[in-house]
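The values are calculated or read from the model by the stated rules, or taken from the named source; none is laboratory data. Please read all numbers here as calculations on a predicted model, not as lab measurements. Here the Cβ positions follow ideal geometry from the backbone for every residue, glycine too, while neighbour counts run over all protein chains shown. For accessibility, only protein heavy atoms count, side chains too; no ligands or nucleic acids. Shrake-Rupley method; radii C 1.70, N 1.55, O 1.52, S 1.80 Å.
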Amino acid sequence: MFDLDSWREIFQSISKNKLRSILSGFTVAFAILLFTLLFGIGNGLQNTFKNEFAKDAINSIYIWSNKTTKPYKGKQSGRQIQFKNEDFEYIREKYFDKIQMISPRIQRTVEVVYKNEQDNYTLRGVYPKYDFLESAQVTEGRFLNIRDVKQRSKIVIIGKMVEKDLFGQLSAYGKELNIGGIIYKVIGVFSDPGGDSDERFIYTPFTTMQQIYGNNDHVDEFGMTYNPKLSINEAIQFSDKLLKDLKQKHDVAPNDQRGIRVRNYASDNQEVSGMMVGLGILIFIIGIGTLIAGVVGISNIMVYIVKERTKELGIRKAVGATPKKIISMIMLESVFITALSGYIGLTIGVGILKLAGPTLKKYFILNPGVSTSVVVGATMILILAGIIAGYLPAKRAARIKPIVALRAD
Amino acid sequence: MIRIENLHKSYPIGKDSLHVLKGLNLHIKEGEFVSIMGSSGSGKSTLLNIVGLLDTHNEGNYFLNGELIEDLNETKAALLRNKFLGFVFQSFNLISYKTALENVALPLYYKGIARKERLKIALDYLEKVGLKDWANHLPNELSGGQKQRVAIARALATKPKVVLADEPTGALDSTTTDSVMDLLKEINDEGMTVFVITHEEEVAEQTKRIVRLKDGVIISDEYTATLKTV
């Protein structure tokens, strides 16, 4: 079936019947082209959503305090709620199984000096693994560890933009910075998908900062990531319960919206994953639709081709072609054309996506593209369709008595 | 070579059936040049189709080269056709996108002969029918007589036992008719069994044996006194 002679027959038949070959090839190429484009654009939209959301860890929860707006348990409204170290211990112990990591935070705007350069930055006192929460990537050196916190080391991890501002092209790693009159050593540099503003933060051990700024046990804010094993609903339940506990602990009215506040990314996550699912379904339907159109197209053309070739097939049978030879010839031809034009359609589609990619960024389409497996799968389906679509008429043609075929003038 | 005993063939038409061949008996020996004469509807084409294994019979026995033809499926018929029979049709039936040479070589392809070899054989047969110089022309560049000669070369290429010609001159003028018949005679002189179907008296007269068919029965079967003019 795969000998050179059969292929020679097929190539001759394809090249000597150009219109027919181009017609069937075009249908398949066009279907795959559309499929690639639509799928690529859909993926681009999905990438945009993912990217927007990936600026911080998707399972993060932030808690911060404010002034109360309602009197409660004999306490007046307008009272400032202040978190303390004991709240940190309380949350960490009570909800250890729900929490992946938790860090208290203090944040101040500080003046930073390096040699002749100076500027104002946000200094954040945090615990190890806070980089998780921000999705920050340490590009040089390391992030904080628990020993830094215990020893109240005077060390900092600075954002890339800080390094750029103060050190220019030089590396900041291992250098010493003067922050508010105190010398800190730079032990790491990080990048952050949140962009320039997130890369102008400076991180230092929470304990160091607590001692230098206030020398008390105050905490501004808590940041945590919930256990990724929790479902989105469980995560929302967890943060609701946590809020209720903290309100009770600090004598805040349960219906006070301002005293203590929680922001749980899970609820955003829920909306976005809902949209992602919707988008996924849409892309799937479009993809299937395009493929069905392609399958219908190739089927029609195969029926037409076999009809057109009835007489030729009759001649071949009269001179000794067995039905098997007839069927395999038609099918090989069909598979060859489908595979080749599928590949052409794919190449054009990928090319268009590459060229148009940068322009499409404006329309919330990021890195449009298709995975090879999807396209190979789609081409396989079309080839299969070509086989099935070719097989039935080919079989019928092979069964027609040569006399009938030969009479079809 | 061909032996037919009490052959019946009918075609179903709705609930009825049309009885076309009503018990034919015919024996054609090797090397004979036979023509089947008859008006349209006499059953001559049906007979050729059965003899040519393009169609099956209902009743009776058909021996081709001593082999009883029965339980014929498409594949077996195709192999037997390829081995024993060569066809020449009224409408030539050449494949339009193949050159004369490739058309002649096609039966050899289905016989499984290597490309170089079969093109060489095909060229020999084209030379035999006087069309060597036209080997690389497409059928639509040839005249009717030339096309039929290509078809005859194709029928001969597999060295069949019998050449079956269905109205081989039906689409040709009288001059080309003569040249095609001369070619068939020549083939027959070389020992090939030739079986011609025609309704033209002049064509039949050039064969050595005329079998007349009417309404599905043989009404006469006689040898002609053809004078060979070599």
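Brief remarks on what is shown
- Of all residues in region B:74-98 being more than 9 Å from chain A (Cβ to nearest Cβ) and assigned to a loop (DSSP other than H, G, I, E, B), the one that is most open to solvent (accessible area, probe 1.4 Å): B:Gln90
- Scanning region A:302-321 for residues that are open to solvent by 10 Å² or more (accessible area, probe 1.4 Å), within 13 Å of B:Asn103 (Cα to Cα) and assigned to a helix (DSSP H, G or I) yields a single hit, A:Glu312.
- Just one of the numbered conditions (1) free of Cβ contacts under 8 Å to residues at least 40 places away in the same chain; (2) more than 20 Å from B:Leu123 (Cβ to Cβ); (3) open to solvent by less than 10 Å² (accessible area, probe 1.4 Å) is not true of B:Val196: (1).
- Some residue of region B:153-162 being within 28 Å of B:Thr207 (Cα to Cα), touching a helix residue (DSSP H, G or I) at 6+ places or on another chain (Cβ under 8 Å), buried (at least 21 other Cβ atoms within 10 Å of the Cβ) and more than 13 Å from every other protein chain (Cβ to nearest Cβ): yes
- The residues of region A:211-250 that are over 30 Å from the mean Cα position of the chain (by Cα), assigned to a helix (DSSP H, G or I) and charged (D, E, K, R), listed by number, are A:Lys241, A:Lys244, A:Asp245, A:Lys247, A:Lys249.
- Flag: A:Glu93 matches the condition of being more than 30 Å from A:Ile344 (Cα to Cα) and either open to solvent by 20 Å² or more (accessible area, probe 1.4 Å) or touching a residue at least 40 places away in the same chain (Cβ under 8 Å) (or both).
- Restricting region B:99-109 to residues that are more than 23 Å from B:Ile69 (Cβ to Cβ) and at the interface with chain A (Cβ under 7 Å from one of its Cβ atoms), the residue that is surrounded by the most Cβ atoms within 10 Å (Cβ to Cβ): B:Leu106
- Within region A:322-332, tally of residues that are within 10 Å of chain B (Cβ to nearest Cβ) and surrounded by fewer than 19 Cβ atoms within 10 Å (Cβ to Cβ): 1
- Tallying residues that are more than 20 Å from A:Leu243 (Cβ to Cβ) and crowded, with 18+ Cβ neighbours inside 10 Å within region A:96-109 yields 1.
- Single unsatisfied condition, B:Lys214 versus (1) open to solvent by less than 80 Å² (accessible area, probe 1.4 Å); (2) touching a residue at least 40 places away in the same chain (Cβ under 8 Å); (3) farther than 27 Å from B:Asn65 by Cβ: (1)
- Listed by first and then second residue, the pairs linking a residue in region A:230-256 that is in contact (Cβ under 8 Å) with a residue 60 or more places away in the chain and under 13 Å from A:Lys94 (Cα atoms) to a residue that is aromatic (Phe, Trp, Tyr) and part of a loop (DSSP other than H, G, I, E, B), with Cβ atoms under 8 Å apart and 6 or more places separating them unless they lie on different chains, are A:Phe238/A:Tyr95; A:Leu242/A:Tyr95.
- Tally of residues being open to solvent by 30 Å² or more (accessible area, probe 1.4 Å) and either touching a strand residue (DSSP E or B) at 6+ places or on another chain (Cβ under 8 Å) or outside the structural domain of A:Tyr90 (by TED's automatic domain parsing) (or both) across region A:251-266: 6
- Index of the failed condition, B:Tyr62 passing every other in (1) at the interface with another protein chain (Cβ under 8 Å from one of its Cβ atoms); (2) hydroxyl-bearing (Ser, Thr, Tyr); (3) closer than 30 Å to B:His27 by Cβ: (1)
- Within region B:163-189, considering residues that are in a helix (DSSP H, G or I) and touching a residue at least 40 places away in the same chain (Cβ under 8 Å), the one surrounded by the most Cβ atoms within 10 Å (Cβ to Cβ): B:Leu184
- Filter result for A:Glu333 (assigned to a helix (DSSP H, G or I), free of Cβ contacts under 8 Å to residues at least 24 places away in the same chain, in the same structural domain as A:Gly25 (by TED's automatic domain parsing) and within 22 Å of B:Glu102 (Cα to Cα)): no
- Residue list for region A:9-39, restricted to those being away from chain B (no Cβ under 14 Å) and either not in a helix (DSSP H, G or I) or not hydrophobic (A, V, I, L, M, F, W, C) (or both): A:Ser24, A:Gly25, A:Thr27, A:Thr36
- Filtered residues of region B:139-162 (kept if assigned to a loop (DSSP other than H, G, I, E, B), farther than 19 Å from B:Leu85 by Cβ and without any contact (Cβ under 8 Å) to a residue 24 or more places away in the chain): none
- Options A:Glu117, A:Glu140: the member that is touching a helix residue (DSSP H, G or I) at 6+ places or on another chain (Cβ under 8 Å), open to solvent by 40 Å² or more (accessible area, probe 1.4 Å) and farther than 26 Å from A:Glu234 by Cα: A:Glu117
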